[in-house]
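Worksheet: the structure to be examined is printed underneath.
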């Protein structure tokens, strides 16, 4: 049976990959919704709303990346104390 450290170490690349995939998707939406591609009032409204959502999503991604490392460090400390 794998220990917690091994499980966390196995999960980190999956979490990192998911965060990277989301980041790439954000960039694709940015590129697709550029004013040179999508002009007019609807595009302007979308970009305005998207900017708020994008900021929130990026903040969540930063938090996920930060917490992933914090969890791994905590599990390593717990393993060393046993």
In region 3-19, which residues are surrounded by fewer than 14 Cβ atoms within 10 Å (Cβ to Cβ) and closer than 24 Å to residue 49 by Cα?
18
Filtering region 25-82 down to residues that are within 19 Å of residue 7 (Cβ to Cβ), assigned to a helix (DSSP H, G or I), free of Cβ contacts under 8 Å to residues at least 60 places away in the same chain and over 16 Å from the mean Cα position of the chain (by Cα) yields 73, 74, 77, 80, 81
Checking residue 8 against (1) closer than 30 Å to residue 79 by Cβ; (2) touching a helix residue (DSSP H, G or I) at 6+ places or on another chain (Cβ under 7 Å); (3) free of Cβ contacts under 8 Å to residues at least 40 places away in the same chain, only one condition comes out false. Which one?
(3)
Assess whether residue 22 counts as being surrounded by fewer than 10 Cβ atoms within 10 Å (Cβ to Cβ) and either at pLDDT below 90 or touching a helix residue (DSSP H, G or I) at 6+ places or on another chain (Cβ under 9 Å) (or both).
no
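The values are calculated or read from the model by the stated rules, or taken from the named source; none is laboratory data. Small disclaimer: the values here were computed from a predicted structure and weren't measured. Don't worry about glycine lacking a Cβ; one is built from the backbone with ideal geometry, like all the others, and counts go over all protein chains shown.
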